[in-house]
Amino acid sequence: MLRLTFKKSKSKYFPAVLKLAIKFEGFNKKNNTLKISKRDIYLKWDDLNLIFHYTLKWKGTELNYRGITINSYADMKRIFYEIQRLHSDFINYITARIMIDYREAPAITEQYKKHGEIYTDKINLDKLTENEINELIERMRKIK
């Protein structure tokens, strides 16, 4: 799991970052460490994006992934852009599915009914499990 650790900062944005970080289940307030899950990347992107934006330049900020610590601003920024790309791909997948479902909904629904399968065009992103997120990612990769 990816972890972001930041030190107390004199930045005027420090209180705002703490307020955002507290929203995350994996935030440890004692050492300002945020464990970032896949679910956070896909479903809490706006808050995560702001946290990254403000903290990456702060002295003492570091990312840790599988025991590897990264504290170079350039490297952390590169990792941030990759995470941002993952989120963007996820949203593009959802958007593509919505376009397909709504453009061809009657035909698709009839096709699934003929095969006796249950089909739903509603995805509640807030209630997705880690496995469901992984399944969506796999479907997204197959579309490309």
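The values are calculated or read from the model by the stated rules, or taken from the named source; none is laboratory data. Just so you know, these numbers come straight off a predicted model, no measurement behind them. As a convention, Cβ positions derive from the backbone with ideal geometry for all residues, glycine included, and neighbour counts pool all protein chains shown.
Taking Leu50 as the residue in question, decide whether it is closer than 13 Å to Gln84 by Cα and touching a helix residue (DSSP H, G or I) at 6+ places or on another chain (Cβ under 8 Å).
yes
Do you know which residues across segment 62-118 are modelled with pLDDT under 85, surrounded by 15 or more Cβ atoms within 10 Å (Cβ to Cβ) and either of a type in the set (Asp, Glu) or in the same structural domain as Asn31 (by TED's automatic domain parsing) (or both)?
Across segment 62-118, the qualifying residue is only Asp101.
For segment 29-54, how many residues meet the condition of being farther than 13 Å from Lys19 by Cα, touching a strand residue (DSSP E or B) at 6+ places or on another chain (Cβ under 7 Å) and not charged (D, E, K, R)?
Count: 3.
Consider segment 1-51. How many of its residues are exposed (fewer than 14 other Cβ atoms within 10 Å of the Cβ), more than 18 Å from the chain's Cα centre (by Cα) and either in contact (Cβ under 8 Å) with a residue 40 or more places away in the chain or assigned to a loop (DSSP other than H, G, I, E, B) (or both)?
Final tally of qualifying residues: 7.
Might you check whether a residue that is modelled with pLDDT of 95 or more and more than 25 Å from Asn134 (Cα to Cα) occurs anywhere in segment 43-51?
So far as segment 43-51 goes, no, none of its residues is modelled with pLDDT of 95 or more and more than 25 Å from Asn134 (Cα to Cα).
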